[in-house]
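First the structure, in the form of structure tokens, and then the observations on it.
All of the numbers you see were taken from the coordinates with simple rules; none came from a lab. Just so it is clear, the model here is predicted, and its values are computed rather than measured. Here the Cβ positions follow ideal geometry from the backbone for every residue, glycine too, while neighbour counts run over all protein chains shown.
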Amino acid sequence: MKVYAGFDPVTQRRHYLTEVVAAGRDTEAEAERVRTRLLNQVDERRNPRTNATVEQLLDRYLE
């Protein structure tokens, strides 16, 4: 499952939240629950805004 979470201000790229849903009997329902949870995280801004590494953040800070 992959949900768009906005623009990454550090890396200048699109930012996505991802989670793998295991195959099984209720895969479709589980995927929908995961999608809803990820979208709620984006709406409530509880997701990290960047995929940047500590090194990238330090480089940007020290510029």
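With every atom except the alpha carbons ignored, what do you get for Rg and Dmax of the chain, in angstroms?
For the chain, the Cα-based Rg and Dmax read 14.8, 52 Å.
Which stretch or stretches of the range 2-22 have amide N atoms under 18 Å from the point lying 7 Å from Val54's Cα along the Cα→Cβ direction?
none
Let me check against my output: what whole-number percent is the relative contact order of the range 2-62, with C-alpha pairs under 8 Å and at least 6 apart?
Value for the range 2-62: 40 percent.
Could you size up the charge dipole of the chain around its Cα centre, putting +1 on the beta carbon of Lys and Arg and -1 on that of Asp and Glu, and report it in debye to the nearest 20?
Using Cβ point charges on Lys, Arg, Asp and Glu, the chain gives about 120 debye.
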